[in-house]
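As structure tokens, the structure follows; a few thoughts come after it.
What follows is calculated from the coordinates using simple rules that are stated; it is not laboratory data. Given the structure is predicted, the values throughout are model-derived calculations rather than measurements. Positions of Cβ are backbone-derived with ideal geometry, glycine not excepted, and every protein chain shown enters the neighbour counts.
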Amino acid sequence: MKFLMPIKCPKCKADCREDDSQTYVCPSCGHEEPTDYGKVRTFLEAEGNSSAMIISRATGVSIGKINSFLRNGRLEIPEESDVFIGCRRCGINIRYGQYCPECANTLKKELQGEFDLSTVGAVPKKSSGRMQFMTKEKMMDKA
Ligand SMILES: [Zn+2]
Ligand SMILES: [Zn+2]
């Protein structure tokens, strides 16, 4: 699955395609440019876990985009975080994805197997049972 739009090479303006999801490689001059996802990964590898706000400030990648990486399971919120994203159906905390495993099961039955399993996220262990609705605004003030 490809998530990113092609970009123009900053050096020679050729169309670059995503190479390994973290880097764009220019087919014409070989220039490598990190993707937004690549910038976030590099930052997390260097700095350890950080809130979306800090990552956004440091990398210039928008909070909305960081949230979309969480929603599509490309990034995960660590277990020890205080801030999580919510299941789109019941609002329970999840570390990534769109639905908690329980809602995923229900939806799978309702949709008769047409449910996309890549949207299922893990519920953080420490907050199991605690309901928390996380909005983007809330995520921003906590940061
Ligand atoms: Zn180029
Ligand atoms: Zn749920």
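Here are the numbers:
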{"item": "Packing-based exposure ordering (other Cβ within 10 Å, fewest first) of 70, 117", "result": "117, 70"}
{"item": "For residue 16, distant residues with modelled amide H under 5 Å away", "result": "7, 8, 9"}
